[in-house]
1. Please give the per residue accessible area of the chain, computed with a probe of 1.4 Å over protein heavy atoms only, in Å².
2. May I ask for the angle, rounded to the nearest 10°, between helix 187-197 and the longest principal axis of the chain, with both axes built from Cα atoms and the value confined to 0 to 90°?
3. From the phi of every residue in region 20-35, what ³J(HN,Hα) in whole Hz does the Karplus formula 6.51 cos²θ - 1.76 cosθ + 1.60 yield, where θ is phi - 60° and glycine or proline is x?
4. Using the Karplus curve 6.51 cos²θ - 1.76 cosθ + 1.60 with θ = phi - 60°, work out ³J(HN,Hα) for each residue of region 445-453 in order, rounded to whole Hz, and write x for Gly and Pro.
5. Report, in whole Å, the centroid distance computed from the Cα atoms of region 264-324 and region 362-434.
6. Work out the charge dipole of region 25-158 with +1 on the Cβ of Lys and Arg and -1 on the Cβ of Asp and Glu about the Cα centre, then indicate which of THR127, VAL84, VAL57 is farthest towards its positive end.
7. Would you pull out the residues with amide H under 5 Å of GLU323's amide H, same chain only if 5 or more places away, H placed 1.01 Å from N?
8. Ranked highest first by the average count of other Cβ atoms within 10 Å around their residues, in what order do 397-403, 309-315, 376-382, 362-368 fall?
Amino acid sequence: MRIVLLSHYYYPEVGAPQRRWRILNDHLRTAGHDVITVAPHPHYPYPDRDRFFDSTVGRGRKRVDIRLGGTWDTGVDGERILRVPYLHSGSSMVRQLLDQTVSATGAWSAVVDRLRGRMKPDVIVSTTPALPFLIAGDALSRLLRVPHVAEVRDAWPDLIPEMNLVTGALGRYLPSSITGRLERDVLPNLFTRAQRRAAVVVVTTDGFKQRLEARGVTAEVVRSGVSPAELAGASGLTATGAIPVISSEAADLSAPSSDTKKGRGGRSGLNLLYVGTVGRSQDLSTAIRALARTDGVRLRIVGDGVDAAALKDDAEINRVPVEFFPQHAGAELAAHWEWADAGLVSLSPLESYEYTVPSKLYSLMARQIPVLGVVAGEAADIIIGTAAGEVAAPGDVDAVASAMTVMRERIESSDAFGQNAPGGMEPREWVVRHASAAAMGHGYERILRQAIS
């Protein structure tokens, strides 16, 4: 198969979508398929690529020129990438949407210019969370007369009205009657029509699959996959995906503070670590407020995002022990995990997030790291069914504080997690069966073959 992937996010950027498609790209190419990724020049989570290439993640990476129509690039694994222009973005939703729209338009133009005729793909794959790429994939599918596989990683378009995205982005410029209609009717209907036209919509949870099917959308589930290297405990590549391993000696040298864990069986308190995007969807402010109602719980947040400054203010106002660190990878990130007793997975209290499972949950389960899940729905069911940790209702400060206290007591008493799971599978076994790279790759390959048949 000749596969063209349209994505706003791709390696060497760090993040769950980047990690997912690096693993999938490698699987599909190893299986003999021709994959071309069409993506903007790496810059996320920074507003421009200069800041990205000056960061610890981007330093030393190769740059290519920015040209209309795209520029050919070669990925770290030898994959072919067609880099397209983007707009210098920022923390506002308006700037991010404009950035995504410019890149999606550039991707559409580059495919039309360069990938027609003998280079015509057998299938177009688009992936969110950048919604304009769904529209670009739909348009290219109809223009080139090839099937479109639309990957929708979160509960789109349901999140548009639930998060008041249009009002938040354009409320200062347009009356509420217009923004309300756009986010309740116009945009959800636009994206639902594109989903119905797709050969198949790939989602990451069973619950959202059923929700889409009720609207006449053909949907299949492919969960985010944990790589073989990660399952084997090898060093990870990204801040929001694989969890690196580092020796205790190296961790002692590179750990960011003097707070360290006692030997297993004699721990004092709970060291809780959050790694990943620091944004509205994660609602980390609830965890910070919950800390004020607990004793002996320390929280580290490693990552960047639009909520970082506000969370620092929340921690100062509530006078709670929270440490903030910029986005890390490799040995620096491994030092944080050496410090941690448990990992935090958190989502905001929106109905649509009950149909979302953050990929970092699978990483924690694969590494048998206890999970404090501030989640509901399918993600909570997985944690409970595998006995992977403690669960608290999103947005409920008292429930989160109670779960923190229970987890601290279990850690201090060296209680085992993942034992005697009510669902019959311990966390790591569940991941191997349902959320490994192999399961993800074979599932995607089957769906792509069906789409073009």
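The values are calculated or read from the model by the stated rules, or taken from the named source; none is laboratory data. Note that the structure is predicted; figures quoted are calculated from it, not measured. Cβ sites come from the backbone with ideal geometry, for glycine too, and all protein chains shown count toward neighbours. These accessible areas exclude ligands, DNA and RNA; they are computed on the full protein's heavy atoms, side chains included. Shrake-Rupley method; radii C 1.70, N 1.55, O 1.52, S 1.80 Å.
1. Details: 18290 Å² over 453 residues.
Result: 40 Å² of accessible area for each residue.
2. Taking the Cα atoms of the chain, the angle to 187-197 is about 70 degrees.
3. 4, 7, 5, 5, 5, 4, 4, 5, 5, 5, 5, 7, x, 8, 9, 10
4. Karplus values, whole Hz, x for Gly and Pro: 4, 4, 5, 5, 5, 5, 5, 8, 7.
5. 18 Å
6. Working it through, the farthest residue towards the positive pole turns out to be VAL84.
7. LEU299, ARG300, ILE301
8. Values: 397-403: 18.9, 309-315: 16.1, 376-382: 20.9, 362-368: 24.6.
Ranking the peptides 397-403, 309-315, 376-382, 362-368 by packing returns 362-368, 376-382, 397-403, 309-315.
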